[in-house]
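Here is the structure we will look at, set down as structure tokens.
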Amino acid sequence: MIQLTPHMRILVAIEPADFRKGIDGLARVCKAQLRHDPFQGIVFVFRNRRATAVKMLVYDGQGFWLCQKRLSQGRFSWWPQSGSCGVHTLEAHQLSVLLSGGNPAAAQGRPPWRRINGNPEK
């Protein structure tokens, strides 16, 4: 099982992916088109051309996980239109909203990390 945690790096591919591709094909897309190493533990999120399904690819240190969600009706209404190197970054809570068919751009949440000072007076 993959647990989404705030420290995870999540990249959403802007362009639709060929959903006939499996782990190896999507890992090649990560490396060649998205310019990121698929072995770094990054969660890569792809959608099909019709926006009815998403796939997530992540390496957990032992092997790859490939998860797919296909909507029984409707489409994923939100998808990023621009980003650096063809990807858009999401936070873990935003990915949960996206997987539920919502708009992650409207999801409010606390910043995922902040420095803790050793001196409480500062």
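The values are calculated or read from the model by the stated rules, or taken from the named source; none is laboratory data. Since the structure is predicted, the reported quantities are computational estimates derived from the model, not experimental observations. Please note: Cβ atoms are built from the backbone with ideal geometry, for glycine as well, and neighbour counts cover all protein chains shown.
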**Fill in**
Matching residues in the range 42-71 (out of contact with any strand residue (DSSP E or B) (no Cβ under 6 Å at 6 or more places or on another chain), of a type outside the set (D, E, K, R) and exposed (fewer than 15 other Cβ atoms within 10 Å of the Cβ)) number 4
**Asked** Which of the residues that make up the range 56-92 are in contact with a helix residue (DSSP H, G or I) (Cβ under 7 Å, 6 or more places away or on another chain) and of a type in the set (Lys, Arg)?
**Response** LYS69
**Request:** Being aromatic (Phe, Trp, Tyr), over 16 Å from GLU15 (Cβ atoms) and in contact with a Gly (Cβ under 7 Å, 6 or more places away or on another chain) is the filter here, so list the residues in the range 26-84 that pass it.
**Result:** TYR59
**Message:** modelled with pLDDT under 95 and within 22 Å of HIS7 (Cβ to Cβ): is that true of ASP37 in this structure?
**Reply:** no
